[in-house]
Amino acid sequence: MGNSASSVHLPVLLRETIQQLQLSEGLTVLDGTVGAGGHSSKIMEAIGPSGNLIGLDRDQMMLNFAKQKLEGGSYQLFQKSYAEMNDVITECQIPGVDRILLDLGLSSDQLADDQRGFSFDSTGPLDLRFDTTQGKPAWKLLEKSSEEKLENIFHEYGEERYSKQIAQKIVLTRNQNQIHSAKDLSHLIQDCTPRSSNQKSAKKHPATRVFQALRIAVNQELEQLETFLKKIAHESLNPDGLVAIISFHSLEDRMVKNAFRDKSRWKNLTSKPIIASPAESRINPRARSAKLRVAIKV
Ligand SMILES: C[S@@+](CC[C@H](N)C(=O)[O-])C[C@H]1O[C@@H](n2cnc3c(N)ncnc32)[C@H](O)[C@@H]1O
């Protein structure tokens, strides 16, 4: 996937993000989660040919999508984590960047790829890594981790009510059969959670929190965000530079909110996060949980 197919991802809060980034011709902008280039293509238009667009993503498949979308413009793409953007800035031989955008989490293109395990009913291996060349896939974590460790992951990163029951069932099941695909895991979760959290009328799939937790764990997502907020963002921005972050769950949003409260480092431009309009949420269900926060480096 990724080379011939076209992207199915709809960028969230697109108009609001472009407005908040306060773009003008000639700026240097770093999109730390370039994905399929939805936000970046609008950024490229706004900064014009004299501007400089740098895009990062941990997933090579997403960089291929971005190349298609940005074709004809001037940009540089790197397979890197946003937590390593200082290395890219050094490689580009520039002092820093004027704007940074992070649109965290998962792209609909990753969700649509049956071989990555992001979708609950996919039959390929339960991988869940953004960069499949690094670290260990989620199925291996399920195979090797103690019951206690699994319970902690589901509880801390997924705030899952039935962490204990799910961890117990995984350990019991894996001794007989390998839990290899996303479908295997979602069936197991449905089997050991109460029917009320399982019914079709429930807003979220019963496996949502466990999948989120495993994805956070295998990609070390909170550690990446912490490194970025504590050190990398401030170091990478030019004076008066601005950072905009879109997050999709409360663990990340809380980290961003708390970081931007530090008045010695940030002028917070969003005392309340910007959220999607009802119209956008209707068209794009991913937008329902999106929160955009923006700050200027002081
Ligand atoms: C929600 S999508 C971005 C969509 C993009 N804004 C667009 O409009 O197409 C999030 C992207 O971030 C990437 N990603 C996740 N963690 C990352 C990290 N630490 N560094 C760089 N990219 C990351 C994922 O691979 C995914 O492609």
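Points worth noting:
- Selection within region 1-30 - part of a helix (DSSP H, G or I) and open to solvent by less than 10 Å² (accessible area, probe 1.4 Å): 17
- Flag for residue 47 being without any contact (Cβ under 8 Å) to a residue 60 or more places away in the chain, buried (at least 17 other Cβ atoms within 10 Å of the Cβ) and within 13 Å of the ligand (Cβ to nearest atom): no
- Qualifying residue in region 83-106 (condition: among the acidic types (Asp, Glu) and near the ligand (Cβ under 9 Å from one of its atoms)): yes
- Region 125-148 - residue that is hydrophobic (A, V, I, L, M, F, W, C) and open to solvent by less than 20 Å² (accessible area, probe 1.4 Å) and, of those, nearest to residue 174 (Cα to Cα): 142
- Within this structure, residue 33 fails the test of being modelled with pLDDT of 95 or more, within 28 Å of residue 220 (Cα to Cα), among the polar types (S, T, N, Q) and outside any loop (DSSP other than H, G, I, E, B).
- Selection of first residues in region 19-36 that are outside the structural domain of residue 76 (by TED's automatic domain parsing) and over 22 Å from residue 83 (Cβ atoms) and of second residues that are within 15 Å of the ligand (Cβ to nearest atom) and of a type in the set (Gly, Ala, Ser), restricted to Cβ pairs under 8 Å at least 6 apart or on distinct chains, gives an empty result.
- Residues of region 243-298 that are of a type in the set (Val, Ile, Thr) and under 28 Å from residue 158 (Cβ atoms): 243, 245, 246, 256, 270, 274, 275, 283, 294.
- Scanning region 90-124 for residues that are more than 18 Å from the chain's Cα centre (by Cα) and crowded, with 20+ Cβ neighbours inside 10 Å gives 97, 98, 99, 122.
- Residue match in region 205-221 (condition: surrounded by fewer than 17 Cβ atoms within 10 Å (Cβ to Cβ) and charged (D, E, K, R)): no
- Matching strands (runs of 3 or more DSSP E) fully within region 192-298 where at least 3 residues are in contact (Cβ under 8 Å) with a residue 12 or more places away in the chain and within 23 Å of residue 167 (Cβ to Cβ): none
- Criterion: of a type in the set (Asp, Glu) and closer than 30 Å to residue 167 by Cβ - qualifying residue of 57, 87, 121: 121
- Flag for residue 41 being modelled with pLDDT of 95 or more, of a type outside the set (Phe, Trp, Tyr) and in contact with a Gly (Cβ under 7 Å, 6 or more places away or on another chain): no
- Under the condition of being within 24 Å of residue 204 (Cβ to Cβ), in contact (Cβ under 8 Å) with a residue 24 or more places away in the chain and assigned to a helix (DSSP H, G or I), the residues counted in region 124-154 number 6.
- Qualifying position, being over 22 Å from residue 218 (Cβ atoms), more than 7 Å from the ligand (Cβ to nearest atom) and at pLDDT 95 or above, among 53, 63: 53
The values are calculated or read from the model by the stated rules, or taken from the named source; none is laboratory data. Every value quoted in this text rests on a predicted model; they were computed, and no experiment measured them. Positions of Cβ are generated from backbone atoms using ideal geometry, with glycine treated the same way; all protein chains shown enter the neighbour counts. Quick note on the areas: whole protein, heavy atoms, side chains included, nothing else; ligands and nucleic acids left out. Shrake-Rupley method; radii C 1.70, N 1.55, O 1.52, S 1.80 Å.
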